[in-house]
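S.K.: So that we are looking at the same thing, I have put the structure below in structure tokens.
The values are calculated or read from the model by the stated rules, or taken from the named source; none is laboratory data. In this text the structure is predicted, and so the values were computed from the model without any measurement. Don't worry about glycine lacking a Cβ; one is built from the backbone with ideal geometry, like all the others, and counts go over all protein chains shown.
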Amino acid sequence: MLFVLFAGFLLAAGCSESDSPEFEQSRRLVRNLYLAPVMSVYAGQTLTLQGVGFEAGDVVSFRADAAVFDLPVSGVTAKTARVVIPAAIARESYDVYVVRGAQEQYVATVKIYLTTDQEVPDKEGMNIKGIVFCGDKGVPGVRVSDGLQTVTTDENGYYWIPSLKTLGYVFITIPQGYLPAALDNNMMMGFWAGLTDEAGVCEKHNFELVEADTENHVMLVGADLHLADKQNDLRNFKNGFIAETQAFADASSVPVFCLMAGDMTWDRYWYDRNFRLPHYRQWLSRNGYSVPVFHAMGNHDNDPYVQGDAPGQLSYCRTLGPNYYSFNLGKVHYVVLDDIDWINTGGSDGVLGSRDYNRVVSLAQMTWLAEDLAAVEDKTAPLVVCLHVQLYENYNASFANTAKMPSATGGTGALMNAVRDFSEVHFITGHTHHNSTMVINDKVIEHNTAAVCETWWWSTFFSDRAICVDGSPAGYGIYTVNSTDVKWSYKGIGEPAGYQFRTYDMNTVKKHLDNSTYKALLAQYASRDNKGDDYGKVGDNVVYINVWNYDPAWKVEVREDGSPLEVKRVFDRDPLHTITFDIPRVEAKYEANADWASCCSSHMFSVTASSPVSELEITVTDRFGNVYSERMKRPKAFVKTSK
């Protein structure tokens, strides 16, 4: 059987080689040769490699520590060559080289996944086909899509798609009761495959499933990693999020998954620091992270050297898969969308563009989404929709939920309309680096999740405290699913699970910050219009309480000498972020970046005590009845280690 391998995806409007600077390889033995990061193959399979410059006598060498397989090429043409998969090849990571005499060219590191040769009959007019199978049986009724056309497998598990092949991939919606056989980060989840040939050629992609009970499971949600191999980010990510969530999964009695809500990388440093999406994927694999990770695409996951949405997302789709898709875990239907329309004005080969974009879900996605949601039979079960940019924000003085995506066809209103038939909807978003849990109506909640990278890793760099712009600890969401019951919490990295708020004695905060040096430094941030005097209007004996995962179903109660104090929700900044990031950054002569400065949040609360030395009993109760408390002795110190 002939199988054509070409991991450079085909784009709408036919991107030429010169459209992507990453493809310039004029000094290589074979140019424009790309291998997918994961290859599902079987013994005896003939692969056609697309690349310019193959010669008779060339060898494609697959090299691992345990074995080396040298595959002679045959059938060489101006743009292709063939190799045959040997029977002894194993499931393993291989470094792949083209060898010509004494010369050799490194091509890529790929993961080989072994499957069986499942024959699927041809069907006229269809150019993508395959089988979805479990064991020795096909699985009927599985949705398969190229992002534009969606079909379901027949009684034999077969599918056929008449595809334009413009998006460059095919994927399945993981059905309830199953998981992909290749569900790990080496295999990049096993539910998608890169398309391998032109629209006029029929290609086969099979998907192997295993039966799995995910009725009860945990979904960990991380957002905004911004990995760039700078400011000790990789070390902090490994020792923090990775170590903590791996330990959580290892100790869990139910399956644990992870959903990254975008900005895994930092486009600004893709080329300067040589850390792009393939490096991120390889880093997860090499560090042995075994929690299966689903991904959503963020604005910083686009190529900063190219203009336009389709070219910008090419590297993401080649490396992490579709930029929109769905899957089922137990009774919960998950949908991942891409709400970034990449523009990148001025971007070109070797030149960073302005990295501008529109906040919108494309019409193609909205069409696919309507079909996907229509196919969900039980609309009383939870629906989880993940995007990068938030639908709403409530960081305003009235704490009103305000729409952030204005597009009539792919904005906030259109998305709300798309989910109108569902009884329980959770939108999960990132982007802002702060926490905001917004109850939109009696059916819909948006969870805007703070950043794993806190303030782009700078707060830890300056002060050894991982604090986000709203004062939240760097962290992640934990969504615990028991059948159709979903509960959630926010977990600060390195903090106990019960650490859900932080208190400030504003008497000591004001005393610390009330000096001309600090005020002059803070005044450099354009987001401040108070001449650097953040808390000059705060009265005496005031206490602030920052409850980062607050929503209106929570209760914040304070007692002084047994008597309740009036608790007010206030729109103000978090003082700890000011001393761990804002001031040290400007002191160190870095730019006073207003986007990174402390922001006024919707989850700050205030009480006024009768005395500067009275003890306060603070009780916070979340919507699930969990109680968190602190007996606050005052005066309370205000230092970088404050809890």
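S.K.: For the stretch 206-312, which helices (runs of 4 or more DSSP H) that fit wholly inside it have 1 or more residues that are among the polar types (S, T, N, Q) and modelled with pLDDT of 95 or more? Step through it out loud before you land on a result.
M.R.: Working: elements: 233-237, 243-251, 277-286, 309-312.
Filter on the stretch 206-312 gives 233-237, 243-251.
S.K.: Does the stretch 88-98 contain any residue that is under 21 Å from Glu198 (Cβ atoms) and not assigned by TED's automatic domain parsing to the domain that holds Lys165? Give the derivation first.
M.R.: Within the stretch 88-98, the subset under 21 Å from Glu198 (Cβ atoms) is none.
The answer is no, given that none of the residues of the stretch 88-98 is under 21 Å from Glu198 (Cβ atoms) and not assigned by TED's automatic domain parsing to the domain that holds Lys165.
Per-residue answers, yes or no, for (1) among the aromatic types (Phe, Trp, Tyr); (2) in contact with a Lys or Arg (Cβ under 9 Å, 6 or more places away or on another chain); (3) in a loop (DSSP other than H, G, I, E, B):
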| position | (1), (2), (3) |
| --- | --- |
| Gly141 | no, no, yes |
| Asp154 | no, no, yes |
| Tyr159 | yes, yes, no |
| Ala199 | no, yes, yes |
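S.K.: Could you tell me how many of the residues in the stretch 326-373 are on the phi > 0 side of the Ramachandran plot and either within 20 Å of the chain's Cα centre (by Cα) or surrounded by fewer than 21 Cβ atoms within 10 Å (Cβ to Cβ) (or both)?
M.R.: So the answer is 3.
S.K.: Now for a different question. Just the residues that are within 18 Å of Val30 (Cα to Cα) and either under 35 Å from the mean Cα position of the chain (by Cα) or not basic (Lys, Arg) (or both), please, taken from the stretch 64-89.
M.R.: Taking the stretch 64-89 first, the residues within 18 Å of Val30 (Cα to Cα) are 70-83.
Passing the criteria: Asp70, Leu71, Pro72, Val73, Ser74, Gly75, Val76, Thr77, Ala78, Thr80, Ala81, Val83.
S.K.: With respect to Gly492, is the statement that it is closer than 30 Å to Ser252 by Cβ and either out of contact with any His (no Cβ under 6 Å at 6 or more places or on another chain) or modelled with pLDDT of 95 or more (or both) true?
M.R.: In short, yes.
S.K.: Would you confirm whether any residue within the stretch 485-492 is outside any strand (DSSP E or B) and either assigned by TED's automatic domain parsing to the domain that holds Val384 or touching a residue at least 12 places away in the same chain (Cβ under 8 Å) (or both)? Lay out the reasoning, then the answer.
M.R.: Step one: filter the stretch 485-492 for residues outside any strand (DSSP E or B), giving none.
No: zero hits.
S.K.: OK, next. Please find, within the stretch 590-617, the residue that is farthest from the chain's Cα centre (by Cα) out of those that are of a type in the set (Phe, Trp, Tyr) and over 20 Å from Gln500 (Cα atoms).
M.R.: Here is the first cut: in the stretch 590-617, the ones of a type in the set (Phe, Trp, Tyr) are 590, 596, 605.
This time we only want the ones that are over 20 Å from Gln500 (Cα atoms), so: 590, 596.
Values: Tyr590: 28, Trp596: 20 Å.
The residue in question is Tyr590.
S.K.: Would you check if there is a residue in the stretch 574-587 being aromatic (Phe, Trp, Tyr) and either touching a helix residue (DSSP H, G or I) at 6+ places or on another chain (Cβ under 8 Å) or not assigned by TED's automatic domain parsing to the domain that holds Pro552 (or both)?
M.R.: Within the stretch 574-587, the subset aromatic (Phe, Trp, Tyr) is 581.
Right, trim to either touching a helix residue (DSSP H, G or I) at 6+ places or on another chain (Cβ under 8 Å) or not assigned by TED's automatic domain parsing to the domain that holds Pro552 (or both) and you get 581.
Scanning the stretch 574-587 turns up at least one residue that is aromatic (Phe, Trp, Tyr) and either touching a helix residue (DSSP H, G or I) at 6+ places or on another chain (Cβ under 8 Å) or not assigned by TED's automatic domain parsing to the domain that holds Pro552 (or both).
S.K.: How about the stretch 542-643: which strands (runs of 3 or more DSSP E) wholly inside it have at least 2 residues that are free of Cβ contacts under 8 Å to residues at least 60 places away in the same chain, among the acidic types (Asp, Glu) and more than 27 Å from Ser398 (Cβ to Cβ)?
M.R.: On the way: elements: 542-546, 555-560, 568-570, 604-608, 616-621, 627-632.
Because the criterion is at least 2 residues that are free of Cβ contacts under 8 Å to residues at least 60 places away in the same chain, among the acidic types (Asp, Glu) and more than 27 Å from Ser398 (Cβ to Cβ), no strands (runs of 3 or more DSSP E) in the stretch 542-643 meet it.
S.K.: Evaluate the following for Arg502: is it among the basic types (Lys, Arg), closer than 24 Å to Val607 by Cβ and buried (at least 17 other Cβ atoms within 10 Å of the Cβ)? Steps first, answer last, please.
M.R.: Values: among the basic types (Lys, Arg): yes; closer than 24 Å to Val607 by Cβ: yes; buried (at least 17 other Cβ atoms within 10 Å of the Cβ): yes.
Against the criterion (among the basic types (Lys, Arg), closer than 24 Å to Val607 by Cβ and buried (at least 17 other Cβ atoms within 10 Å of the Cβ)), Arg502 qualifies.
S.K.: Within the stretch 618-643, track down each residue that is over 30 Å from Ile445 (Cα atoms) and either within 30 Å of the chain's Cα centre (by Cα) or buried (at least 16 other Cβ atoms within 10 Å of the Cβ) (or both). Full working, then the answer.
M.R.: Within the stretch 618-643, the first condition is being over 30 Å from Ile445 (Cα atoms), and the residues that meet it are 631-642.
Hits for the stretch 618-643 are Met632, Arg634, Lys636, Phe638, Lys640, Thr641, Ser642.
S.K.: From the list Lys510, Lys519, pick out the single residue that is touching a Phe, Trp or Tyr at 6+ places or on another chain (Cβ under 8 Å), assigned to a helix (DSSP H, G or I) and free of Cβ contacts under 8 Å to residues at least 60 places away in the same chain. Let's see the steps before the verdict.
M.R.: Details: Lys519 fails: touching a Phe, Trp or Tyr at 6+ places or on another chain (Cβ under 8 Å).
Every option except Lys510 fails the conditions.
S.K.: A further question follows. Does the stretch 110-153 hold any residues that are within 27 Å of Pro86 (Cβ to Cβ) and polar (S, T, N, Q), and which are they?
M.R.: Thr115, Thr116, Gln118
S.K.: Also, quick follow-up: When the residues of the stretch 98-125 are narrowed to those that are in contact with a strand residue (DSSP E or B) (Cβ under 6 Å, 6 or more places away or on another chain) and of a type in the set (S, T, N, Q), which ends up farthest from Ser163 (Cα to Cα)? Please lay out each step first, then the result.
M.R.: First, the residues of the stretch 98-125 that are in contact with a strand residue (DSSP E or B) (Cβ under 6 Å, 6 or more places away or on another chain): 98-99, 104-113, 115, 118, 120, 123.
Applying the additional criterion that residues be of a type in the set (S, T, N, Q) yields 105, 109, 115, 118.
Numbers: Gln105: 34, Thr109: 29, Thr115: 24, Gln118: 21 Å.
Only one residue tops the list, namely Gln105.
S.K.: Something else about it: When Asn156 is evaluated against the numbered criteria (1) out of contact with any Ser or Thr (no Cβ under 6 Å at 6 or more places or on another chain); (2) crowded, with 18+ Cβ neighbours inside 10 Å, which criterion, by number, is the only one it fails?
M.R.: It fails just one condition, (2).
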